[in-house]
Amino acid sequence: MKQTDKREYNYRAKTLATIWNELLAPEELPQLDKFLADYFKKHKSLGSRDRAFYRDMLFDGMRYAEVVLFLVQAGETEHARLNKLAAESWFSENNPNLQNFLAELRNPAEILKQVKSADPAVFFAWIEAIRSGLFDSVRKHTSPQVQALLTGLPNALVPYFLRRAKTSNWSSEESEKFLRDQVRRALLWLRVHNPDTLANVKKNLTEAGFSILEEKGLSLAVRGETGIYGLPVYKEGLVEVQDYSSVEIGRSVDAHPGMAVWDACAGAGGKTVQLAASLENRGVLYASDIREWKLDDVKARTKRAGYHNVRRFMWDGENPPEMTREIANKKGFHRVLVDAPCSSSGTWRRNPDARYRITPEALQSLLQLQSKLLTSAAPSVRPGGLLVYATCSWFVEENEDMVDAFLQSPAGKSFSLESMNLFGSPKDNSDTMFSAVFKRG
């Protein structure tokens with residue numbers, strides 16, 4: 001993490017507080033990246049360095065909100081200077097202030113309420129101290145609960161993390177890496193549609209000033225100073241913005257040319273385009289979503305990529321969709337993907353504000369929705385076909401528990417579990433996502 005120049009920080013501090021207060025003003029927290037996009041559109045006088053500063057500070061403000069609350073409530077005042085010895089004492093297991101703070105499992109609304117009451121000048125002075133590496137020496141010598149606090153995981157969600165680590169049989173090193181990943185800048189992953197164009201795409205990206213940080217098959221992790229959407233390789237449909245873990249989910253569908261495939265919860269269409277690429281314009285791909293405007297995105301993306309065998313329809317998930325004659329003649333789809341709405345916990349490093357929207361009540365509602373979607377989609381799979389359940393979550397409750405519940409339900413009786421995987425962090429530098437592949441007998 002890079003420390004901001006003192007003069008630059010002081011120069012921008014007032015505007016930073018204004019933007020922060022505007023973000024926190026609504027009763028329901030806005031989505032941070034969209035909020036900033038709208039704010040910068042209204043304030044075009046802000047230069048690129050200003051926008052980068054405010055974006056970095058607000059994102060880290062969301063990542064470290066609870067740890068700053070602890071420091072403020074404990075009355076610590078060392079944010080004015082880097083003092084690692086003091087930091088180690090604050091997070092010592094013997095510090096009663098720390099133990100009292102950790103004993104309270106605050107819900108997200110509580111955290112935001114307390115953040116709103118904090119002085120922005122003090123709050124961001126702490127954020128700047130954290131960005132300077134104040135806690136780097138502390139993270140390696142403390143309990144998982146304190147490690148979680150120092151890496152932005154709300155204290156109330158620590159039990160979920162501990163259950164994930166146990167279920168996945170993570171070593172202490174893997175658990176530490178997973179937590180550290182939560183405060184690392186997420187990579188921008190691109191998926192190249194055609195292996196024949198890979199060399200040309202890499203050349204064009206490099207010439208446009210992008211660095212290729214990682215390469216996994218047709219997936220490239222890149223970083224550059226300009227936007228990707230204006231590049232010829234994107235406009236010409238040679239690449240798609242898609243996280244590597246999302247690509248792994250698409251691969252688990254195992255779609256081949258000539259198949260009938262249904263992407264039941266298509267969203268903006270990232271995996272839809274990947275599935276269309278697998279079909280090579282042979283066979284048919286259906287894409288559905290409850291939101292009509294999302295299907296417009298699917299249409300635009302598949303058209304730009306050159307795929308013309310994608311049919312779109314709205315689906316509310318209440319019942320199996322009525323099959324067309326061509327699908328009925330095939331006795332159902334060869335492949336059905338249910339990429340279900342979820343807590344999005346696997347993308348929190350990319351959208352740190354999302355962790356303050358998940359409550360026990362919200363999670364329970366999501367679990368009911370996931371079960372309904374999986375149950376409603378299952379009858380559309382033909383005998384011998386595959387049903388793939390996926391989330392962008394690391395919560396065991398949304399993943400392995402949902403798999404077990406489905407297999408024990410009437411809808412799951414005719415299915416067997418083929419495979420089950422958690423993709424991304426801590427194994428790869430990408431979002432953490434899950435997929436389970438069921439085969440219909």
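The values are calculated or read from the model by the stated rules, or taken from the named source; none is laboratory data. Please read these numbers as outputs of a predicted model, since none were measured by experiment. Cβ placement follows ideal geometry from the backbone for every residue including glycine, while neighbour counts extend to all protein chains displayed.
For the reader, a short list of remarks on this structure follows.
- Count of the stretch 120-175 residues which are closer than 17 Å to Arg349 by Cβ, surrounded by fewer than 18 Cβ atoms within 10 Å (Cβ to Cβ) and hydroxyl-bearing (Ser, Thr, Tyr): 0
- Single residue of the stretch 34-74 satisfying the filter (acidic (Asp, Glu) and more than 21 Å from Leu157 (Cβ to Cβ)) that is nearest to the chain's Cα centre (by Cα): Asp56
- Residues that are out of contact with any strand residue (DSSP E or B) (no Cβ under 7 Å at 6 or more places or on another chain), in a loop (DSSP other than H, G, I, E, B) and not small (Gly, Ala, Ser) do occur in the stretch 250-260, at least one of them.
- Every residue from the stretch 283-294 that is at pLDDT below 90 and farther than 19 Å from Leu369 by Cβ: Trp293
- Assessment of the stretch 162-171 against the conditions (outside the structural domain of Tyr234 (by TED's automatic domain parsing) and either farther than 30 Å from Pro360 by Cβ or touching a Ser or Thr at 6+ places or on another chain (Cβ under 7 Å) (or both)) yields at least one matching residue.
- Of the residues screened, Glu76 is one that is over 23 Å from Asp353 (Cα atoms) and surrounded by 16 or more Cβ atoms within 10 Å (Cβ to Cβ).
- Against the list (1) farther than 18 Å from Thr347 by Cβ; (2) part of a helix (DSSP H, G or I); (3) touching a Phe, Trp or Tyr at 6+ places or on another chain (Cβ under 9 Å), the condition Ser278 fails is (3).
- Residues of the stretch 102-157 that are more than 24 Å from Glu174 (Cα to Cα) and of a type in the set (S, T, N, Q): Asn107, Gln114, Ser117, Ser132.
- Cβ-Cβ distances below 6 Å connect the following pairs, each with a first residue in the stretch 416-435 that is more than 11 Å from Glu248 (Cα to Cα), a second residue that is aliphatic (A, V, I, L, M) and at pLDDT below 95, and a separation of six or more residues or different chains: Asn429/Leu187.
- Candidate set: the stretch 79-114, residues that are among the charged types (D, E, K, R) and assigned to a loop (DSSP other than H, G, I, E, B); chosen: the one surrounded by the most Cβ atoms within 10 Å (Cβ to Cβ): Arg106
- Figure legend. Inter-residue proximity from the stretch 81-104: first residues acidic (Asp, Glu), second residues surrounded by 15 or more Cβ atoms within 10 Å (Cβ to Cβ), beta-carbon distance below 6 Å, spacing 6+ or different chains. Indicated pairs: Glu88/Val138.
Let's see how each residue does on (1) within 26 Å of Trp348 (Cα to Cα); (2) modelled with pLDDT of 85 or more; (3) not in a loop (DSSP other than H, G, I, E, B):
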| site | (1), (2), (3) |
| --- | --- |
| Thr4 | yes, no, no |
| Tyr11 | no, no, yes |
| Leu23 | yes, yes, yes |
| Lys44 | no, yes, no |
| Met57 | yes, yes, yes |
| Val67 | yes, yes, yes |
| Glu76 | no, no, no |
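- Residues of the stretch 189-225 that are surrounded by fewer than 16 Cβ atoms within 10 Å (Cβ to Cβ), under 25 Å from the mean Cα position of the chain (by Cα) and among the hydroxyl-bearing types (Ser, Thr, Tyr): Ser211 alone.
- A count restricted to the stretch 135-182 and to residues that are farther than 21 Å from Leu105 by Cβ and in a loop (DSSP other than H, G, I, E, B) stands at 8.
- The stretch 130-149, residues that are touching a Leu at 6+ places or on another chain (Cβ under 7 Å), within 26 Å of Asn10 (Cβ to Cβ) and small (Gly, Ala, Ser): Ser132
- Selection count where residues are under 22 Å from Pro426 (Cβ atoms) and touching an Asp or Glu at 6+ places or on another chain (Cβ under 8 Å), scope the stretch 192-224: 3
- Members of the stretch 406-424 that are part of a helix (DSSP H, G or I) and not small (Gly, Ala, Ser): Phe406, Leu407, Gln408, Pro410
- Among the numbered conditions (1) among the basic types (Lys, Arg); (2) over 28 Å from the mean Cα position of the chain (by Cα); (3) on the phi < 0 side of the Ramachandran plot, the only one that Lys331 does not meet is (3).
- All of Ala266, Ala186 fail the test of being part of a loop (DSSP other than H, G, I, E, B), surrounded by 21 or more Cβ atoms within 10 Å (Cβ to Cβ) and either of a type in the set (A, V, I, L, M) or not assigned by TED's automatic domain parsing to the domain that holds Pro341 (or both), apart from Ala266.
- Among the conditions (1) under 29 Å from Ala37 (Cα atoms); (2) not in a strand (DSSP E or B), the only one that Lys203 does not satisfy is (1).
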